[in-house]
1. From the list Gly193, Gly169, Gly254, which one is among the small types (Gly, Ala, Ser), out of contact with any His (no Cβ under 8 Å at 6 or more places or on another chain), in a loop (DSSP other than H, G, I, E, B) and within 28 Å of Pro141 (Cβ to Cβ)?
2. Could you tell me which residue of the stretch 42-64 is surrounded by the fewest Cβ atoms within 10 Å (Cβ to Cβ), considering only residues that are in a helix (DSSP H, G or I) and in contact with a Gly (Cβ under 7 Å, 6 or more places away or on another chain)?
3. Can you give me the number of residues within the stretch 172-190 that are assigned to a loop (DSSP other than H, G, I, E, B) and under 17 Å from the mean Cα position of the chain (by Cα)?
4. Answer yes if at least one residue in the stretch 522-534 is surrounded by fewer than 17 Cβ atoms within 10 Å (Cβ to Cβ), modelled with pLDDT under 80 and part of a loop (DSSP other than H, G, I, E, B), and no otherwise.
5. Go through the residues of the stretch 213-225 one by one and say whether even a single one is in contact (Cβ under 8 Å) with a residue 60 or more places away in the chain, basic (Lys, Arg) and assigned to a helix (DSSP H, G or I).
6. Using the structure shown, decide if Glu198 is among the acidic types (Asp, Glu), modelled with pLDDT of 95 or more and farther than 21 Å from Gly73 by Cα.
7. Hey, among Met148, Met186, which residue is within 30 Å of His417 (Cβ to Cβ), surrounded by 21 or more Cβ atoms within 10 Å (Cβ to Cβ) and either of a type in the set (D, E, K, R) or in contact with a helix residue (DSSP H, G or I) (Cβ under 7 Å, 6 or more places away or on another chain) (or both)?
8. Which is in a loop (DSSP other than H, G, I, E, B), crowded, with 22+ Cβ neighbours inside 10 Å and at pLDDT below 95, of Pro311, Pro306?
Amino acid sequence: MEFSSIQECFSAGVRSSPDADAVVWDGGRLTYRELADRAARLAGRLRAEGATTGTAVAILMPRSPDLVVAIIGVLMTGGYYVPLHDAYPPHRRQQVLDDVGAEILLTAEDTPATALPRIARVLRVGVDGDATPVTAHRGVPRDRAYVMYTSGTQGTPLGVAVDHRGILGLALDRCWHRDRQRRVLMVAPHAFGVSTYELWVPLLTGGTLVLAPPGPMDAGMLRATIARHAVTAVHITAGLFRVLAESTPECLRGLHEVLTGGDTISATAVRRVLDACPRIIVRAMYGATEVSSFATGFPMTAGNPPGARVPVGRPLEDVRTYILDELLQPVVPGEVGDLYVAGERLAAGYPAHPGLTALRFVADPFAGGGRRMYRTGDLARETADGLIEHAGRATDQVKLRGYRVEPAEIEHVLVEHPAVVDAIVVAPQIAPGERRLVGYLVGTGLDVVAVRAWVAGRLPEYMVPADLVVLDSLPLTPNGKVDRRALPQPPPPAASAWRPPCGARQETLCALFADVLRVSRVGLDDSFFDLDGQSLLAVRLVSRINTSLGVRITVADLFDAPTVAELDQLIAKAQDTGDRLG
């Protein structure tokens, strides 16, 4: 059966299995009937506020059952949702709202008023209202489902409009085996493209959406959640997948399938996971928001492990891929060309940027009939087996922790600082699948700390450069372009006044901090954050500490006690009292 919209497909599932678990979390559950009823009541409130077909409704909420209610409720009105990440600084949230023109914001019951952006109407989800449930708007496949914002090149985030047909194609793709996708873990922010897989693959196929507990994902949380809620499938970014594979691959036991992607996937990491969990399928995924999250996939098993490189695989259902030269002619297998994606899952484009839409969504010369293909900006080659291998980027765009980042957007923000005359941002690779943002600044009387705070107030945390280097001028090539190869290496992170460790446990902690953070030495008062620690490195460090010291700390513990001395005291206190950390 073909469906016209997400809400029509969801409603069919409600009728089919009204009492089955739709959403579960630590401490609760919602059946399909209960989820549909709550969403219909919220849709009634939204209708009373003027939401109708084609209305943009922003959602600023943490991961929770109410978030799922909010998303479905918006779609039931015929409108589309605009996710706002609760970790984004207020300036960026406001940029998104101003760009998309949303006048209604859904937020959590306990969100403080001071955290809300400027908008005409605010509705708190979870607060009882008098609205009567509404019948879901049927919709058509080309209705807009959401506008999701990624990094742009002009100093502002770039909104991508995705239609219902794209999400229906993703959720109902025959690559998903129903048993393996029966209970999918939602851990990604709803403003991140992977959340569309986590939400709709289970909810549109009669499965169960499992909400991860608050906080970042680490091995301990993953292992406990898989066991507690019988999770069968999860998506993990390539960087985190590699960290887990190096430290605790057995934490994935119990899963039927692990999806990974967003950057280079380590073949060694895949083999380690398959060795530790021989019944798991590891599926490499490739895509972008512009192609409804995923376009290609490649399953790997213990009996069919990857070779030296992990390909991005073959196109999914109703997806076409082309590897073309500069004249839009196919290259021969084995040669590198530009990767294009075509098919029914293409986004509508960038609503506020018709020129950029025309540049990246170009006519498909192989299909005709007005069909388009998306210029991904990636380079690729086709193997002798007909698989697609990623071969780098054709543009300066990079992937960091699964997020797409345009260095040009960061450069725009840097030069808006009154003391910065010129700036360039690069992202050198520091480990396979792991990059680090470095900003080079030109100006007079520059205060690097103040500039960093300026950027942090305007961009998400993952877009704030780990290093800022002040230069007298940017090196240029003979034709006047910035010579990126001539940029100096950033200095090692500055450390505070050094206080040496005392005792075996402190020496071990200092050595682990130094090894993971790639610095020459670490003292008791050095902070994980001052040494440019990031979320991915936090997961790795915590895992190494637990293995080396036989303790059970979490990433949250590290965030609460970021210096070696504080963490040492936390571990000592727990060991003395017999308490369990985390």
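The values are calculated or read from the model by the stated rules, or taken from the named source; none is laboratory data. Everything numeric here is computed off the predicted structure, so don't read it as measured data. Because the Cβ atoms are built from the backbone with ideal geometry, glycine has one as well, and the counts that use them run over all protein chains shown.
1. Values: Gly169 fails: in a loop (DSSP other than H, G, I, E, B); Gly254 fails: within 28 Å of Pro141 (Cβ to Cβ).
Going through Gly193, Gly169, Gly254 in turn, the sole match is Gly193.
2. Step one: of the stretch 42-64, the residues in a helix (DSSP H, G or I) are 42-48.
Cutting the leftovers down to in contact with a Gly (Cβ under 7 Å, 6 or more places away or on another chain) gives us 42-43, 45-46.
Details: Leu42: 27, Ala43: 28, Arg45: 21, Leu46: 26.
Filtering first and then ranking leaves Arg45.
3. From the stretch 172-190, those assigned to a loop (DSSP other than H, G, I, E, B) are 172-182, 187-190; that's our starting set.
Filter once more, so that each one left must be under 17 Å from the mean Cα position of the chain (by Cα): 187-190.
Residues in the stretch 172-190 being assigned to a loop (DSSP other than H, G, I, E, B) and under 17 Å from the mean Cα position of the chain (by Cα): 4 in total.
4. If we filter the stretch 522-534 for residues that are surrounded by fewer than 17 Cβ atoms within 10 Å (Cβ to Cβ), which is where we start, we get 525, 529-530.
Next, only the ones that are modelled with pLDDT under 80 stay: 529-530.
Next cut, part of a loop (DSSP other than H, G, I, E, B) only: 529-530.
Within the stretch 522-534, one or more residues are surrounded by fewer than 17 Cβ atoms within 10 Å (Cβ to Cβ), modelled with pLDDT under 80 and part of a loop (DSSP other than H, G, I, E, B).
5. no
6. Working: among the acidic types (Asp, Glu): yes; modelled with pLDDT of 95 or more: yes; farther than 21 Å from Gly73 by Cα: no.
When the stated conditions are applied, Glu198 does not pass them.
7. On the way: Met186 fails: within 30 Å of His417 (Cβ to Cβ).
From the options Met148, Met186, the qualifying one is Met148.
8. On the way: Pro306 fails: crowded, with 22+ Cβ neighbours inside 10 Å.
When all the criteria are applied, what remains is Pro311.
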